[in-house]
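What follows is a single structure, written as structure tokens, with notes after it.
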Amino acid sequence: MKGSYLNDEFFSRLETLSLEMRADLAGFFGGKHLVKTYGQTVEFADYREYALGDDIRRIDWNLYSRFEKFFLKLFTDERQMHTQIFIDCSASMGKDNPQKAAFTVGIAAALGYLSVHNMDKVSYKLIKGNKAEDPFGTIVGKRAFFSAMTGLENLTFDGESDIDAAVVGCENTGNNDGLTLIISDFFTDSDWRRAVDYLSYKKRQVLLIQVMTPEERDPTYSGRVNLIDSESEDLTDTKNMKMNIDMSAQMAYEEALKDLEKDLYEFCVSRGATFITIPTDQPIEKVLFKELLKVGIVE
């Protein structure tokens, strides 16, 4: 992929960061995320009185000698989470814009690397049409991760995508065991709200990342132009049109974009999810993790 970000220097700059998961997620044993339940690590957390059926090996006999009561030692519990990354592979995400395509893949790779670096599992779901393809399966460990990066680097963007159908119809979404990311520009007629609702129902931690180019945020077109929908293969599609771009049209576009971002943000807040916008004209690490630090997804 032209302009690819995937190299050793890029990944090495991510080593000091980690994904911050909600403490009430369940996950699997053997990871590095502290959760609210008590477990089997060596880090002491608290005491509680012995109850019938408790493991007598965890009784603190020093406390018994002082208080003549049985108390159990409680230790922190660490879990392995599953990070699922849905990538919108529609044409608007990079068919005619290699920089946007490379940036999108770079974001997905960076967040996936943070997961395996912190002993979590990661899977990539490629949204194509109304399906979510899973070409790499569940990735555990850096060797499997870097093997998958070859395929991710050659990802193509074309056609349309139905975020709603792809997410809701995806197998093995999991339940209360990690973070789900959806990377898209959200220039879609599909009901992304239903996808967020479904993931919230599955008790997933949800993050929506909107990728925007400078031209999409502040288009410089003026005069008579032909607007062609990059996701439509039919040139007679009603989405394609000729129009005169003047000041009023530019202002209408700005307002529509503000309304979209406001809708995304407010809906995510109402569902306990997170939404951020990432511009493609800044370094991935700088802008992505600056925004993720703000909302508490990385530390």
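Derivation of every value follows stated rules applied to the coordinates shown; laboratory data play no part. Here the structure is a predicted model, which is why all the values come from computation and not from measurement. Cβ sites come from the backbone with ideal geometry, for glycine too, and all protein chains shown count toward neighbours.
For the peptides 164-171, 49-56, the ranking by packing is 164-171, 49-56, with the highest mean count of neighbouring Cβ atoms within 10 Å listed first. For segment 76-138, applying the loop criterion from DSSP together with a ceiling of 13 other beta carbons within 10 Å to the trypsin sites (Lys or Arg not before Pro) yields no site.
With a simple spin-label model that places each label point 7 Å from the Cα along the Cα-to-Cβ direction, the separation between GLU285 and ASP8 comes to 1.5 nm.
Below 13 angstrom from the Cβ of PRO279, what's the summed charge of the other residues (Lys, Arg +1; Asp, Glu -1)? Can you show the working numbers first?
Details: positive: LYS100, ARG217, LYS286, LYS290; negative: ASP185, GLU215, GLU216, ASP218, GLU261, ASP281, GLU291.
Neighbourhood net charge equals -3.
Residue exposure proxy: LEU179, LEU155, ordered by other Cβ atoms within 10 angstrom of their Cβ from fewest to most, comes out as LEU155, LEU179.
Fully extending the segment from GLU133 to LEU260 would add 43.0 nm, taking 0.36 nm per residue of separation and subtracting the current Cα-Cα distance. Residue by residue, segment 183-200 carries 3J(HN,Hα) couplings of 9, 6, 8, 6, 8, 9, 8, 6, 8, 5, 4, 5, 5, 5, 4, 5, 5, 5 Hz when phi is fed to the Karplus relation 6.51 cos²θ - 1.76 cosθ + 1.60 (θ = phi - 60°); x denotes Gly or Pro.
Going from the residue with the fewest nearby Cβ atoms within 10 Å to the one with the most, VAL122, VAL140, VAL295 rank VAL295, VAL140, VAL122. Can you pull out the GluC sites (Glu not before Pro) in segment 59-163 whose DSSP state is coil and whose Cβ has at most 10 other Cβ atoms within 10 Å? Of the GluC sites (Glu not before Pro), the ones in loops of segment 59-163 whose Cβ has at most 10 other Cβ atoms within 10 Å are GLU68.
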